[in-house]
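**Q** Have a look at the structure that comes next, please.
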Ligand SMILES: Nc1ncnc2c1ncn2[C@@H]1O[C@H](COP(=O)(O)OP(=O)(O)OP(=O)(O)O)[C@@H](O)[C@H]1O
Ligand SMILES: [Mg+2]
């Protein structure tokens, strides 16, 4: 059967540095897959290649069986792959609701002339976008904060708003780059429940980078491990936890093997 998403032998070089080398993975609809590895292992680079922010220097990326290798970001997003960023990217001066609405506008490229003229068609579309944006906020537990300035939200809620923005494009695959970074333990637990809910309600495939090992071990069904751009292991959390190559890669950096 064709996988929803697949990378085959993908590489990304920056000058002399092989940030990612010979990376292959396959993710099905509704699968929850983790991507871990020490700092600088190449995790974000994998996401940057998938989401079309940078082209790979080798290999191929497939979506529903067709190559999307080297597609620009807007085409990847339109195909149904959305992402969040390790460094939060929000419009701080805009409201929580407007931040989500902007994502819709980017994906729809709402006709500028209609917007200028305030035509009925535009007004109808605007109210639909507002309604759907509110439903993304409800799903992420932020609806009551819709009028708040994004910059005023605590860090954990800003991360959730990033997820709400990603949901606006109705992705079939969601890439989350360190969504729990900077969250306290109760926020992290809520986040895990939110990610599961997104998967369960929409059948969204989820590919998730995290340094919080407890979080990733509990949440993911399969985990891929990168070290210095090389894929060193892939398997169920219980197997990854006792994998010697993984323990060696992490030794002294997180002490995760004992957690
Ligand atoms: N645009 C770029 N130009 C040059 N080098 C880059 C670029 N992006 C990443 N790198 C390098 O590629 C390597 C992998 O970086 P990447 O950000 O993918 O790591 P990471 O696994 O996400 O690390 P972290 O856990 O710290 O976020 C690093 O050595 C980094 O310095
Ligand atoms: Mg990173």
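What follows draws every value from the coordinates through simple rules; no lab data is involved. Everything numeric in this text was worked out from a predicted model, so none of it was measured. Using ideal geometry, Cβ is built from the backbone for each residue, glycine included, and neighbour counts are taken over all protein chains shown.
**Q** To check you understand DSSP bridge types, tell me what percent of the beta bridges within the chain (both residues inside) are antiparallel, rounded to 5.
**A** Details: 20 of 36 bridges.
Bridges in the chain are about 55 percent antiparallel.
**Q** Give me the angle, in degrees from 0 to 90, between the Cα long axis of helix 96-108 and the longest principal axis of the Cα atoms of the chain, rounded to the nearest 10.
**A** Relative to the chain, helix 96-108 is tipped by roughly 90 degrees.
**Q** Tilt of helix 185-202 relative to the longest C-alpha principal axis of the chain, in degrees (0 to 90, nearest 10)?
**A** 70
**Q** Could you check the spin-label model distance between residue 75 and residue 88? Points 7 Å from the Cα along Cα→Cβ, value in nm.
**A** For the pair residue 75/residue 88, the computed spacing is 3.4 nm.
**Q** Another one. Just to verify a number: FRET efficiency for residue 248 and residue 127, C-beta to C-beta distance, R0 = 41 Å, to 0.05? Intermediate results must be reported in sequence, preceding the final value.
**A** Numbers: r = 56 Å, r/R0 = 1.37.
The calculated FRET efficiency here is 0.15.
**Q** Take the chain, connect every pair of alpha-carbon atoms lying under 10 Å apart with a spring to form a Gaussian network, then pick out the residue of 186, 67, 135 with the largest mean-square fluctuation.
**A** Looking only at 186, 67, 135, the largest GNM fluctuation is found for 186.
**Q** Let me have the 222 nm mean residue ellipticity of the chain computed from DSSP H runs of 4+ only, each contributing -39500 (n - 2.57), with the sum over all residues rounded to the nearest 500. Please report the intermediate quantities before stating the final value.
**A** On the way: 10 runs with 104 residues, N = 259.
After summing the helix terms and dividing by residue count, I get -12000 deg cm²/dmol.
**Q** Roughly how many nanometres apart are two label points built 7 Å out from the Cα toward the Cβ at residue 151 and residue 14?
**A** According to this spin-label approximation, the distance is 2.8 nm.
**Q** Compute the long axis of helix 120-139 from its Cα atoms, compare it with the longest principal axis of the Cα atoms of the chain, and write down the angle in degrees, 0 to 90, nearest 10.
**A** 40
**Q** Between region 1-69 and region 140-159, what is the C-alpha centre distance in whole Å?
**A** If we compute the Cα centre of each part, the gap is 31 Å.
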